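The values are calculated or read from the model by the stated rules, or taken from the named source; none is laboratory data. Owing to the predicted nature of the structure, the values given are computational and were not obtained by experimental measurement. So basically every Cβ, Gly included, is an ideal-geometry build from the backbone, and we count neighbours across all protein chains shown.
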């Protein structure tokens, strides 16, 4: 009886660990919203390719992962494409190493915009105390906001026929998985109008 209970508990523990690990790998790499607009009709039967301007090894890998996600959404991907996707990304809220949150950044390229005469040197105030209310507190860094714009052109036409925008907070560090998840969202929305929706 006791060995039967131990065996059942072991089985439940293994099942729980499997479910927990499976759930952890199923969490999204980026949580946010997206919207899309159809500007001109796309071909009825879509065959998609991705425009990759920087053909570095990393970008080619990410492009393949993105197209894998598009394919998983049920869109045909191939060489004889009649729709070309263009992706642009930016990350907001990242700080460079050594720079604190909210610190002022120096942009030497804008030095020519400075004008006016020299200001007189003003007396400086003593440093603020670092105890009590003024003590330094560590603030957890927010995950950067990833902003992605994807547009589609049809055939040889350079006009944009469809455009989508996505904003999400990154929750993981696997770029390949992130690219695949974003491709799946884009593939599911391609050619349609989508009001702001969570993913």
Quick one: which strands (runs of 3 or more DSSP E) lie wholly within the range 1-100 and hold at least 3 residues that are within 20 Å of residue 181 (Cα to Cα) and at pLDDT below 95? 83-92
Conditions first: (1) farther than 18 Å from residue 61 by Cβ; (2) part of a strand (DSSP E or B). Residue 192 passes all but one, so which condition is the exception? (2)
Could you check the range 145-189 and list, in sequence order, the residues that are in a helix (DSSP H, G or I) and more than 22 Å from residue 76 (Cβ to Cβ)? 175, 177, 178
